[in-house]
1. Using only the Cα atoms of the stretch 46-92, what semi-axes does the equivalent ellipsoid have when each is the square root of 5 times a gyration tensor eigenvalue? Give whole Å, largest first.
2. If the elastic network links every pair of Cα atoms under 10 Å, which of Leu70, Leu58, Leu15 fluctuates the most in the Gaussian network model of the chain?
3. Could you list Ile35, Ile75, Ile19 in order of exposure, starting from the residue whose Cβ has the fewest other Cβ atoms within 10 Å?
4. Report relative contact order for the stretch 1-69 in percent, whole number only (criteria: Cα-Cα under 8 Å, sequence separation at least 6).
5. Could you give the nm distance between label points at Ile38 and Arg81, where each point is 7 Å from its Cα heading toward the beta carbon?
6. May I ask you to list the residues of the stretch 31-66 whose amide nitrogen lies under 14 Å from a point 7 Å from Cα along the Cα→beta-carbon direction of Phe9?
7. Exposure proxy check: Val43, Val88, Val51 ranked by fewest other beta carbons within 10 Å?
8. Could you work out [θ]222 nm for the chain from helices alone, using -39500 (n - 2.57) per DSSP H run of at least four and dividing by all its residues? Round to the nearest 500 deg cm²/dmol.
Amino acid sequence: MSASRTKSFRFSHALADAIELRAKQLGYASGTDLIKGIARYDVLCQSSHGVTKEWAKLSPEEQDLLDGKLLVRAIRQKGMRAADAARVDWRDL
């Protein structure tokens, strides 16, 4: 087994809560396991990340608002198809 490298990432409180909630909903042991799964899936699929790259360009304040909206959707278990997410304006979530 290879050694792990420690890497830290910062998330807003809302996004961190959404990650933990989604991990529990999906049956992951932890939010960390969910993040690792998402990263592995991304590397496998090599998608373009159109909408998420745009979200990364938002101001910190806008990202906090987005994260709050995403947390509410996670609490309500109100998902969206990827094709729809690619076209939605984050302010309308």
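1. 17, 16, 9
2. Leu58
3. If I rank by nearby Cβ atoms, fewest first, I get Ile75, Ile35, Ile19.
4. For the stretch 1-69, the relative contact order is 32 percent.
5. For Ile38 paired with Arg81, the spin-label model returns 2.2 nm.
6. Of the residues in the stretch 31-66, 31-44, 52-53, 56 have backbone N under 14 Å from the label point off Phe9.
7. With the sparsest Cβ surroundings first, the list reads Val43, Val88, Val51.
8. So the helix-based figure for the chain works out to -18500 deg cm²/dmol.
We did not get these values from a lab; they are worked out from the coordinates using the rules stated. Remember, it's a predicted structure, so these values are computed and weren't measured experimentally. Glycine gets a Cβ as well: all are built from the backbone with ideal geometry, and neighbour counts include every protein chain shown.
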